[in-house]
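Let me begin by presenting the structure, written as structure tokens, before commenting on it.
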Amino acid sequence: LLRGLRNRKILRVMFVFSAGVTALGTITMMAYLTDLMLLFPPLGPSAFILFHTPLAETASPRNVVSAHTLALLAGLGSLALMGLVFPDAAVDAAAGLNWAKVAAIALAMGLASMAMVVLGCVHPPAAATALIAAMGFLNTMVQVSGVLIAVIILVLEAVAFNRILGGLPYPLWRFDPNVIKDHPSLAGLPRHGQT
């Protein structure tokens, strides 16, 4: 039934649509019902990667969870450090941009990027998480925890959609380079013979 390339593309489009709507719809509903900050902009690009290229290394649960965690630490740490270096400069979100905040944002981006590369857990949307933290938008541990909880929920939804419903060899934690041989397009790679 789905042997033609066109049909597979339609199936893939429908899968990305339904998984994205359901995953972020569920997280949004949970945020509404619990009044927790579970929604933040990098969650959208993370969801797209998890459902469009689920077998890519950047979509593995290890990369997603580790990268967002490192990014939070980089952003919050940079903001705290700049508050110590420039004690007279307000570094919360309401203060707007000042030299302390500019330095915190730049440092957070550098630290988050370096940590993801050094530790081998690259997930590009997490760089935006570092910026959100460094800009001072996460003021309480409840908000920080909400970001991490949302990332974990999204990864659990990716396991359910990709592995259980989709029947794909989506990893439970770590990326397996052997699976992309059979599914290159699901890892974001061109098929043999395509450029």
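Solvent-accessible surface (1.4 Å probe) assigned to residue 9 amounts to roughly 140 Å². How large is log10 of I(q)/I(0) for the stretch 1-98 at q = 0.22, 0.24 Å⁻¹ when the intensity is taken from the Debye formula with one equal scatterer per alpha-carbon? Cα-only, vacuum Debye calculation for the stretch 1-98: -1.15, -1.21.
Take the Cβ-Cβ distance between residue 106 and residue 148 as r, set R0 to 30 Å, and report the resulting FRET efficiency rounded to the nearest 0.05. Don't jump to the answer; show the numbers that get you there.
Numbers: r = 24 Å, r/R0 = 0.79.
It comes to 0.80.
Only the Cβ atoms of Lys and Arg (+1) and of Asp and Glu (-1) were treated as charged; on that basis the dipole of the chain about its Cα centre amounts to roughly 960 debye.
Quick one: with all protein chains in place, what share of the accessible area of the chain is carbon or sulfur, to the nearest percent (1.4 Å probe)?
Values: 7610 of 10660 Å².
That fraction is 71 percent.
What the phi angles of the stretch 151-163 give under the Karplus curve with 6.51, -1.76 and 1.60, with θ = phi - 60°, is a coupling list of 5, 5, 4, 4, 5, 5, 5, 5, 4, 5, 6, 6, 8 Hz, glycine and proline written as x.
Normalised by the number of residues in the chain, the mean separation of alpha-carbon contacts (under 8 Å, six or more apart) gives a relative contact order of 30 percent. Among the listed values [x] 1.05; [y] 1.64; [z] 0.97, the one computed from these coordinates for Rg/Rh (Cα atoms, Kirkwood Rh) is [x].
The values are calculated or read from the model by the stated rules, or taken from the named source; none is laboratory data. Note that this is a predicted model, so its numbers are computed, not measured. With ideal geometry, Cβ positions are generated from the backbone for all residues, glycine too; neighbour counts draw on all protein chains shown. The accessibility values were calculated without ligands, DNA or RNA, using every heavy atom of the protein model including side chains. Shrake-Rupley method; radii C 1.70, N 1.55, O 1.52, S 1.80 Å.
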